[in-house]
Amino acid sequence: MNPDDWSKVISLWQNTEGIGIGRSDTKEGLEKFLNRNKGMSFVCEIDGKIIATIMCGHDGRRGFIYHLAVAENFRLQGIGKCLVEKVLQELKNQGIHKCHIFVMKNNEKGKSFWSKIGFQKRDDIEVFSIDI
């Protein structure tokens with residue numbers, strides 16, 4: 001993934017149920033994230049069209065996955081799982097041994113996907129946020 005992909009990427013995210021888009025999901029925000037986490041975010045393209053995305057980064061201890069999205073007509077082909085495996089291997093290569101994903105509470109398809117590929121739902125923590 002690179003900053004020039006932004007318009008295609010944001011279009012996919014806007015048309016993917018369960019993807020939460022925030023105020024940092026701008027071209028500039030994407031560029032900052034990609035520069036900070038080089039080589040850890042990917043797109044899948046077919047005939048010049050981005051049909052899947054995944055963003056990944058880490059804080060030196062834990063990895064985080066954001067915006068795994070696969071266009072609806074390309075789902076159930078292993079594309080999402082392949083992208084996840086790719087970023088998990090990159091995290092491992094960088095010495096990171098645990099990875100988190102935030103899933104929207106009402107995203108049942110997303111929760112099912114993450115469970116099926118081995119991620120475990122946490123009941124011991126909750127997320128708190130603040131806009132700054």
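The values are calculated or read from the model by the stated rules, or taken from the named source; none is laboratory data. Everything numeric here is computed off the predicted structure, so don't read it as measured data. When we count neighbours, we look across all protein chains shown, and the Cβ atoms used for this are built from the backbone with ideal geometry, even at glycine. In case anyone asks, the SASA skips ligands and DNA or RNA and just uses the protein heavy atoms, side chains included. Shrake-Rupley method; radii C 1.70, N 1.55, O 1.52, S 1.80 Å.
The figures follow:
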item	result
Meets criteria (modelled with pLDDT of 95 or more, touching a Leu at 6+ places or on another chain (Cβ under 9 Å), surrounded by 12 or more Cβ atoms within 10 Å (Cβ to Cβ) and in a loop (DSSP other than H, G, I, E, B)) for M40	yes
L76, sole failed condition from (1) at pLDDT below 95; (2) among the hydrophobic types (A, V, I, L, M, F, W, C); (3) in contact with a Leu (Cβ under 8 Å, 6 or more places away or on another chain)	(3)
When residues of the range 86-101 are limited to those that are assigned to a helix (DSSP H, G or I) and within 15 Å of the chain's Cα centre (by Cα), the one surrounded by the most Cβ atoms within 10 Å (Cβ to Cβ)	V87
Only listed residue being touching a Lys or Arg at 6+ places or on another chain (Cβ under 6 Å), free of Cβ contacts under 8 Å to residues at least 60 places away in the same chain and either open to solvent by less than 40 Å² (accessible area, probe 1.4 Å) or in a strand (DSSP E or B) (or both), chosen from I54, I50	I50
